[in-house]
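All remarks here apply to the structure that follows.
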Amino acid sequence: MDAEFWQLTVCEGPSQRVVSLKTLSLSPQFQPVNFLAHAYLSGNDPEVLFGNFVADGIKGTAAAAYPTGIKKGIALHRAIDHYTDSHEVVKQSVSRLQPVFRKYAVVVVDIYFDHFLARYWQEYSDEDLVEFSQKVYKTLITRYRWLPPRTKRALPFMIAQNWLVGYANLRDLDRVFRGMSRRARFDSGMEKAVDFLELHYADFESDFRNFFPQLIAFCSPLKEDI
């Protein structure tokens, strides 16, 4: 690959600088979970999208330091996570996975559902997935100075490997899970997650199709009220 591939120009306020992929590595704690769903559910406000996308890296009261729109996105992300974790259909998916993936079952379900959203994207959006993904990456790059440290380290990999589009195919999904398995602190079993998905594909797809329209309906009024 040529030298330009390994460089990403990022914006920090009025200035720009170049980040080299070769100097970065992903944090062991970084998990590329349901990024696509959070981005999709953010609506058209770029600051809400930004906050929703990076909220996992912003803990507790640290959100108070961010601009109003980003704070709204963080609040939306936390509401989505609470709704998702308490939903009976999601619990059903998690229980199917727990004997194999134990505490990582929730993470695996999140990524499975992003796979189905990416695969059936045109059922949920009139916008092309590639174009949507580029819009998301641009939103993150132009607000680089607001990114949490772990997301700053991950962003070049996310863009270079085009995670949001890659969720749609099992080959890229397998690469994501194997990378997470290598970085996990404990034996996660996530290197087997795509094999497990293929064995139970219809069940997880059914869960997604049952759950996701309900999540969309849940988020619609929140984007106006938060």
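Only a single criterion out of (1) more than 16 Å from ASP56 (Cβ to Cβ); (2) surrounded by fewer than 18 Cβ atoms within 10 Å (Cβ to Cβ); (3) modelled with pLDDT of 95 or more; (4) not small (Gly, Ala, Ser) is not satisfied by ARG102, namely (3).
Residues are listed down the side, and each one gets a yes or a no for (1) surrounded by fewer than 17 Cβ atoms within 10 Å (Cβ to Cβ); (2) assigned to a helix (DSSP H, G or I):
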{"residue": "VAL108", "(1), (2)": "no, yes"}
{"residue": "TYR112", "(1), (2)": "no, yes"}
{"residue": "VAL130", "(1), (2)": "yes, yes"}
{"residue": "LYS138", "(1), (2)": "yes, yes"}
{"residue": "PRO156", "(1), (2)": "no, yes"}
{"residue": "ARG178", "(1), (2)": "yes, yes"}
{"residue": "ARG182", "(1), (2)": "yes, yes"}
{"residue": "SER188", "(1), (2)": "no, no"}
{"residue": "ALA202", "(1), (2)": "yes, yes"}
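Residue count for segment 114-128, restricted to those that are of a type in the set (D, E, K, R) and in a helix (DSSP H, G or I): 3. Taken as a whole, segment 208-226 holds at least one residue that is at pLDDT 90 or above, over 14 Å from HIS115 (Cβ atoms) and open to solvent by less than 30 Å² (accessible area, probe 1.4 Å). Please specify each residue of segment 114-128 satisfying the condition of being surrounded by 20 or more Cβ atoms within 10 Å (Cβ to Cβ) and either closer than 23 Å to SER220 by Cβ or more than 16 Å from the chain's Cα centre (by Cα) (or both). Within segment 114-128, ASP114, PHE116, LEU117, ALA118, TRP121 meet the criteria.
So if I check each of ALA79, ALA64, which one is more than 26 Å from SER206 (Cα to Cα) and not in a loop (DSSP other than H, G, I, E, B)?
On the way: ALA79 fails: more than 26 Å from SER206 (Cα to Cα).
The unique qualifying residue is ALA64.
Do you know which residues across segment 37-96 are hydroxyl-bearing (Ser, Thr, Tyr) and touching a residue at least 60 places away in the same chain (Cβ under 8 Å)? Correct list: TYR40, SER42, TYR66, TYR83, THR84, SER93. Considering segment 148-181 alone, what residues qualify as being of a type in the set (D, E, K, R) and touching an Asp or Glu at 6+ places or on another chain (Cβ under 9 Å)? Listed by number, the residues that qualify are ARG150, ASP174, ARG178. Of the residues making up segment 86-98, those that are part of a helix (DSSP H, G or I) and either touching a helix residue (DSSP H, G or I) at 6+ places or on another chain (Cβ under 7 Å) or modelled with pLDDT under 95 (or both) are VAL89, VAL90, GLN92, SER93, VAL94, ARG96, LEU97, GLN98.
The values are calculated or read from the model by the stated rules, or taken from the named source; none is laboratory data. None of these values were measured; they are calculated from a predicted model. Ideal geometry is used to build each Cβ from the backbone, glycine not excepted, and the neighbour counts take in all protein chains shown. To get the accessible areas, we keep the full protein, side chains included, count just its heavy atoms, and leave off ligands, DNA and RNA. Shrake-Rupley method; radii C 1.70, N 1.55, O 1.52, S 1.80 Å.
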